[in-house]
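The values are calculated or read from the model by the stated rules, or taken from the named source; none is laboratory data. All values derive from a computational prediction rather than experimental measurement. Note that each Cβ is placed from the backbone with ideal geometry, even for glycine, and that neighbours are counted across all protein chains shown. Each accessible area value is taken on the protein alone, full model and side chains, heavy atoms only, with ligands, DNA and RNA left out. Shrake-Rupley method; radii C 1.70, N 1.55, O 1.52, S 1.80 Å.
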Amino acid sequence: MTRTVAVVGAGAAGLVVARELLREGLDVAVFEKSARTGGTWAYNPRADADPLGSDPASPGAVHGSLYASLRTNLPRELMGFSDFPMTGRVFAGDARAFPGHREVLAFLDAFAEESGVLERVRLRAEVLRVAPLGGHGERWAVAWRGEDGEVAEEVFDAVVVCNGHWTVPQVAKIRGIDNWKGNQMHSHNYRVPEPFRDQNVVVVGMGASGMDIALEISHVAKEVHIASRYSEDRLGKVELHNNIWMHREVDCIQDDGKIRFSEGSAVAADIILYCTGYYYHFPFLDLDGLTVDDNRVGPLYKHIFPPKYAPNLSFVGLPMKTIIFQSVELESKWVAAVLSGRATLPSEEDMMAAVREHYRHMEEAGRPKRHTHVILPNWEEHMNWLADQVGEPRLEAWRLEMLEKAVRCALSLDERYRDRWEQEDNSGTSALKHSLGSKL
Ligand SMILES: Cc1cc2nc3c(=O)[nH]c(=O)nc-3n(C[C@H](O)[C@H](O)[C@H](O)COP(=O)(O)OP(=O)(O)OC[C@H]3O[C@@H](n4cnc5c(N)ncnc54)[C@H](O)[C@@H]3O)c2cc1C
């Protein structure tokens with residue numbers, strides 16, 4: 001009998017999982033709580049009522065965290081799927097190398113439609129609970145609420161969780177924050193720069209969003225101060241900009257209300273904008289032996305299968321700091337191959353041993369628990385390991401080169417890097433791309 005699989009979420013991960021499951025001949029139902037597919041890439045101008053998004057009753061009430069001006073931080077060559085590339089075709093009239101969010105959404109729409117996945121998606125269907133039937137999840141009961149508010153329960157052979165992890169804000173706890181009289185916001189709720197006009201802003205965190213937002217608000221704000229633990233080699237005013245300064249991490253709020261940074265300087269500010277990332281959050285799961293502890297979802301074998309419930313429960317899309325679309329595609333191919341019986345997993349004990357080994361390596365390298373799914377510095381090895389499991393080619397050299405270049409460009413704090421990319425001869429990368437011809 002055909003095995004049935006429920007997929008939770010119809011973002012990039014859920015869509016590509018569904019395609020791979022269908023290719024393996026499985027019967028798929030994708031549950032999507034919103035009114036459309038595309039997940040994160042469906043820009044929502046609305047933000048949470050609480051600018052910090054930390055209301056414990058509804059953490060991250062609005063799913064999306066995109067800002068209006070957002071362009072991808074990876075070039076389109078790194079944002080497609082293996083046989084459905086983003087190159088060679090324009091989806092919403094934005095042919096730029098680093099397109100705006102509408103182009104990515106239109107790409108995902110085309111992918112959903114042309115892959116046949118769309119007809120498997122149930123929109124406005126929110127999964128409320130996923131519970132194992134049998135001690136190790138031999139089958140799974142999925143309770144979900146439809147558009148009419150009715151709650152139904154269905155049983156599936158397997159469940160793949162793809163609910164995204166860019167929604168529930170992580171807010172750094174600052175010493176002395178009780179002395180703070182100004183405003184606070186998390187980047188989850190940042191949409192446009194206008195509210196920052198003439199303000200002195202402290203941006204905490206220097207990830208992709210932190211840098212983009214700091215640059216954007218610098219055009220309207222009085223001063224922008226970026227606080228980051230990765231800034232030590234370029235403290236002080238940023239050369240390219242009149243009103244941006246780099247600092248080390250925030251040390252505390254002083255008694256006089258100023259924000260002090262670890263290098264010793266202090267500034268008076270109007271608003272703290274936290275670009276400090278997100279929590280993994282699975283409100284529909286309450287499973288014995290599977291926890292989210294300091295942002296470590298575990299235990300998970302290769303960030304995907306919880307050994308106790310494998311193979312019938314899996315997670316796709318958890319790894320961060322990688323080529324996300326390619327990673328979710330490889331993860332999906334492996335999950336689909338395992339569920340169809342084409343690939344097998346090690347025993348529960350062996351998977352647990354591998355997880356313990358991973359944790360031990362992290363500890364030895366001094367990496368904090370909260371970075372468990374930050375796949376750097378082993379992302380290449382991880383992707384190649386996945387590719388080997390499913391007989392896919394290993395990562396091509398030009399992809400690595402291109403990713404490294406994109407990261408370097410973003411860190412330069414030169415806001416024109418995306419447009420410059422197109423004018424430049426991307427030497428090594430373009431030569432390699434050329435030699436790959438129509439594969440792109
Ligand atoms: C500001 C920002 C910029 C980014 N820029 C890039 C970039 O340039 N390049 C890149 O590759 N990646 C980027 N990313 C990462 C991006 O999130 C991934 O590319 C990708 O979209 C993740 O897809 P996903 O399917 O895992 O999650 P999501 O896109 O978040 O999709 C999850 C889906 O699950 C649904 N869902 C959640 N809970 C339930 C439930 N209980 N029941 C039913 N449905 C549910 C949600 O409604 C949503 O549709 C960016 C992310 C952010 C926040």
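Among the numbered criteria (1) over 18 Å from the mean Cα position of the chain (by Cα); (2) surrounded by fewer than 19 Cβ atoms within 10 Å (Cβ to Cβ), which single criterion is violated by Arg71?
(1) is the only condition that Arg71 fails.
What's the number of the only condition in (1) open to solvent by 60 Å² or more (accessible area, probe 1.4 Å); (2) under 29 Å from Arg418 (Cβ atoms); (3) in a loop (DSSP other than H, G, I, E, B) that Asp255 fails to meet?
Asp255 satisfies all of (1) open to solvent by 60 Å² or more (accessible area, probe 1.4 Å); (2) under 29 Å from Arg418 (Cβ atoms); (3) in a loop (DSSP other than H, G, I, E, B) except (2).
Out of region 345-380, which residues are closer than 17 Å to Thr322 by Cβ, of a type in the set (D, E, K, R) and open to solvent by less than 70 Å² (accessible area, probe 1.4 Å)?
Arg367 - this is the single residue of region 345-380 that is closer than 17 Å to Thr322 by Cβ, of a type in the set (D, E, K, R) and open to solvent by less than 70 Å² (accessible area, probe 1.4 Å).
Could you list, in sequence order, the residues of region 268-300 that are more than 16 Å from the ligand (Cβ to nearest atom), surrounded by 21 or more Cβ atoms within 10 Å (Cβ to Cβ) and in a loop (DSSP other than H, G, I, E, B)?
Of everything in region 268-300, just one residue is more than 16 Å from the ligand (Cβ to nearest atom), surrounded by 21 or more Cβ atoms within 10 Å (Cβ to Cβ) and in a loop (DSSP other than H, G, I, E, B), namely Ala269.
Name the one entry in Glu126, Glu103 that is modelled with pLDDT of 95 or more and open to solvent by 60 Å² or more (accessible area, probe 1.4 Å).
The match here is Glu126.
Among Ile217, Ile226, Ile213, which is the only one that is hydrophobic (A, V, I, L, M, F, W, C) and touching a Gly at 6+ places or on another chain (Cβ under 9 Å)?
Only one candidate passes the filter, namely Ile226.
The conditions are (1) crowded, with 22+ Cβ neighbours inside 10 Å; (2) in contact (Cβ under 8 Å) with a residue 40 or more places away in the chain, and Pro45 fails exactly one of them. Which is it?
With (1) crowded, with 22+ Cβ neighbours inside 10 Å; (2) in contact (Cβ under 8 Å) with a residue 40 or more places away in the chain applied to Pro45, the lone miss is (1).
In region 48-66, which residues are open to solvent by 20 Å² or more (accessible area, probe 1.4 Å), more than 10 Å from the ligand (Cβ to nearest atom) and under 18 Å from the mean Cα position of the chain (by Cα)?
Pro59, Ala61
For region 130-179, how many residues are surrounded by 15 or more Cβ atoms within 10 Å (Cβ to Cβ) and within 15 Å of the ligand (Cβ to nearest atom)?
Residues in region 130-179 being surrounded by 15 or more Cβ atoms within 10 Å (Cβ to Cβ) and within 15 Å of the ligand (Cβ to nearest atom): 21 in total.
Show the residue pairs that are 6+ apart or on different chains and have beta-carbon atoms under 7 Å apart, the first residue being within region 119-137 and assigned to a strand (DSSP E or B), the second being exposed (fewer than 14 other Cβ atoms within 10 Å of the Cβ).
Leu128/Val151; Leu133/Val155
If you check every pair at least six apart or on different chains, which have Cβ atoms under 8 Å apart with a residue in region 13-38 that is in contact (Cβ under 8 Å) with a residue 24 or more places away in the chain and within 7 Å of the ligand (Cβ to nearest atom) first and a residue that is of a type in the set (Ser, Thr, Tyr) and part of a helix (DSSP H, G or I) second?
Once the first residue is in contact (Cβ under 8 Å) with a residue 24 or more places away in the chain and within 7 Å of the ligand (Cβ to nearest atom) and sits in region 13-38, its partners that are of a type in the set (Ser, Thr, Tyr) and part of a helix (DSSP H, G or I) give Ala13/Ser332.
Evaluate the following for Ala6: is it of a type in the set (Gly, Ala, Ser) and modelled with pLDDT of 95 or more?
For Ala6, the condition - of a type in the set (Gly, Ala, Ser) and modelled with pLDDT of 95 or more - is met.
Restricting the search to region 250-271, which residues are under 16 Å from Arg229 (Cβ atoms) and touching a residue at least 40 places away in the same chain (Cβ under 8 Å)?
Passing the criteria: Val250, Asp251, Cys252, Ile259.
Has region 381-404 got any residue that is under 21 Å from Asp212 (Cβ atoms), in contact with a helix residue (DSSP H, G or I) (Cβ under 8 Å, 6 or more places away or on another chain), buried (at least 18 other Cβ atoms within 10 Å of the Cβ) and without any contact (Cβ under 8 Å) to a residue 60 or more places away in the chain?
no
Select, from Ala29, Ala10, the only residue that is small (Gly, Ala, Ser), out of contact with any Phe, Trp or Tyr (no Cβ under 6 Å at 6 or more places or on another chain) and either in a helix (DSSP H, G or I) or surrounded by fewer than 24 Cβ atoms within 10 Å (Cβ to Cβ) (or both).
Going through Ala29, Ala10 in turn, just one is small (Gly, Ala, Ser), out of contact with any Phe, Trp or Tyr (no Cβ under 6 Å at 6 or more places or on another chain) and either in a helix (DSSP H, G or I) or surrounded by fewer than 24 Cβ atoms within 10 Å (Cβ to Cβ) (or both): Ala29.
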